[in-house]
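J.: Here it is, the structure in full.
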């Protein structure tokens, strides 16, 4: 059905202008869909034209509507300019980027009818509704209640902003603490590595721990216990006797069995390590191992 002269006639057959309103709707865009690889929609402005008699409504894009009235100046001579001005006013009222504040079209607490009512009254933002006086608010249906909702919404938004700022501050503090924990963890790892090195340094041959007195993994570094070495008694070489027969001297590091028996266990272990003999936890067995290895004199 096209918008012609008969469409604009009322019951009395007099020519009257149709009622026109503008709105946005989503339109499927095939070209963008093909390019993006997914269903894509775009916004477009449409005009809803309602006949003055029986209320039949037609919908067409604003571009089509203006083209229609421009091609039929005989029927729209007196109204086309008004329709175009109505569209410009509607476009300006619904421009969400041209206002200082939050546009009411983005406020879900208003119904579409309430939104249009306030826009036509030039209240385009939630902030402007919140600032209405009692006298102005009472001129709207439920105006005092809507003004209260606007003020509550603004206060809530400010509270959320404060909470968001506090969360950001806590997040920054948490990141600082995390970095500090990581630094301390690195230092602890370095200290553990140094402790392992020192532990390996005081580990005896074949994995016997001089300090702990127990067998350690063979893979540990085998070194002499410096502290036990300091406790080892010094062997005094016998003084030569005049006209005494020459005898074969034993190495100065070898001791007699009697001399070994007076050593404590730490010094005995050190003596074993000097002669490449694995000590035992029992002294008697340690003596036997030294004898078998021929590391004792006077036997």
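Every number here is computed from the coordinates shown, using simple stated rules; none is lab data. Quick caveat: nothing in here was measured; it's all calculated off a predicted structure. Reconstructed Cβ throughout: ideal geometry from the backbone, glycine too, with neighbour counts over all protein chains shown.
J.: Neighbouring Cβ atoms within 10 Å as the yardstick, rank 78, 94 fewest first.
T.: Least crowded to most crowded, the residues run 78, 94.
J.: Full extension from residue 59 to residue 174: what is 0.36 nm times the residue separation minus their Cα-Cα distance, to one decimal in nm?
T.: That pair, residue 59 and residue 174, stretches by 35.7 nm at full extension.
J.: Okay, next question. Using a basic spin-label model with each label point 7 Å from the Cα along Cα→Cβ, how many nm lie between residue 95 and residue 74?
T.: My value for the distance between the label points is 3.8 nm.
J.: Between residue 285 and residue 198, what FRET efficiency follows from the Cβ-Cβ distance if R0 is 22 Å, with the result rounded to 0.05?
T.: 0.15
J.: So, one more: Counting other beta carbons within 10 Å of each residue's own, what order do 196, 43 fall into, fewest first?
T.: By the 10 Å Cβ count, ascending: 43, 196.
J.: What is the fewest-to-most order of 50, 176, 297 by other Cβ atoms lying within 10 Å of their Cβ?
T.: Lowest count first: 176, 297, 50.
J.: When ranked by the protection proxy of mean other Cβ atoms within 10 Å per residue, highest first, what sequence do the peptides 31-42, 283-294 form?
T.: The packing order, highest mean first, is 283-294, 31-42.
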